[in-house]
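One structure below.
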Amino acid sequence: MATPPEPRNIVLTGFMGTGKTTTGKRVAGRLGWRFIDADEEIVRRARMPISRIFAVHGEAHFRELERDICRALARLNRVVIATGGGMLIDESNRETMLRAGLVVCLTATPDALAARLSADDGRPLLKTDWKALFEQRRPIYDSFPHQVNTTSRTPDEAAAEIVRLWQSLKESA
């Protein structure tokens, strides 16, 4: 996986519940950039919630929409993008975002994820064995060179670490 010479965007990936949206908004605020949640873009363009997309059209159709959004977002500059938890599991999406900017994988322990996800019933994949899905995706999440563990960090602490990482990479580019 190639790292772009100068990160022009910051892309946050990781399993659901790791804090991509919450942290991403704080990163964007610190940099004065725009924040975009990829899942919200899918909902906006499809004009229906993700749970309905899954129910009516299935996961394969959702992943197709996700690929389209991924390519569109990758063309932007000076944005912080929170991907859906499965967006960068797809190899072509992963390569697209790695070319588009600094990709940071947010992580958290399964216990922390369970606590965070327990109150959320709007995620279709929570209706499945999410722990098995987490373990299935873990090797890909672990492959990203930039990781921030959010288990015992506040969103502001995680955002500060991501901004420091971005600044250090920008200075070395």
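In the chain, the longest principal axis of the Cα atoms and the axis of helix 155-172 are about 50 degrees apart.
Taking Cα centre as origin and charging only the Cβ of basic (Lys, Arg, +1) and acidic (Asp, Glu, -1) residues, the dipole magnitude of the stretch 10-172 rounds to 500 debye. Length gained on full extension, Ser143 to Arg8: 46.5 nm, using 0.36 nm per residue less the C-alpha separation. Give me the angle, in degrees from 0 to 90, between the Cα long axis of helix 130-143 and the longest principal axis of the Cα atoms of the chain, rounded to the nearest 10. Once rounded, one gets 20 degrees.
For the chain, which span is the longest to avoid every loop-located (per DSSP) member of trypsin sites (Lys or Arg not before Pro) having at most 10 other Cβ atoms inside 10 Å?
The answer is 76-173.
Computed over every Cα-Cα pair of the chain and binned at 10 Å starting from 0, the pair-distance distribution P(r) comes out as 10, 41, 38, 11, 1 percent.
Whole Å is fine, so just give me how far the alpha carbon centre of the stretch 128-157 lies from that of the stretch 33-73. So the two Cα centres are separated by 21 Å.
Taking Cα atoms, how many degrees apart are the long axis of helix 59-74 and the longest axis of the chain, rounded to 10 and kept between 0 and 90? Taking Cα atoms only, the helix is inclined about 20 degrees.
Pairs of Cα atoms under 8 Å, at least six residues apart: use those to get the relative contact order of the chain, whole percent.
Values: 249 pairs, mean separation 65.7, N = 173.
Here the relative contact order equals 38 percent.
Using a Gaussian network model of the chain in which every pair of alpha carbons under 10 angstrom is joined by a spring, one finds that among Leu133, Leu98, Leu113 the greatest mean-square fluctuation is at Leu133.
Read-outs: derived from the displayed coordinates by stated rules, not from any lab. Note that this is a predicted model, so its numbers are computed, not measured. Virtual Cβ from ideal backbone geometry, glycine too; neighbours counted across all protein chains shown.
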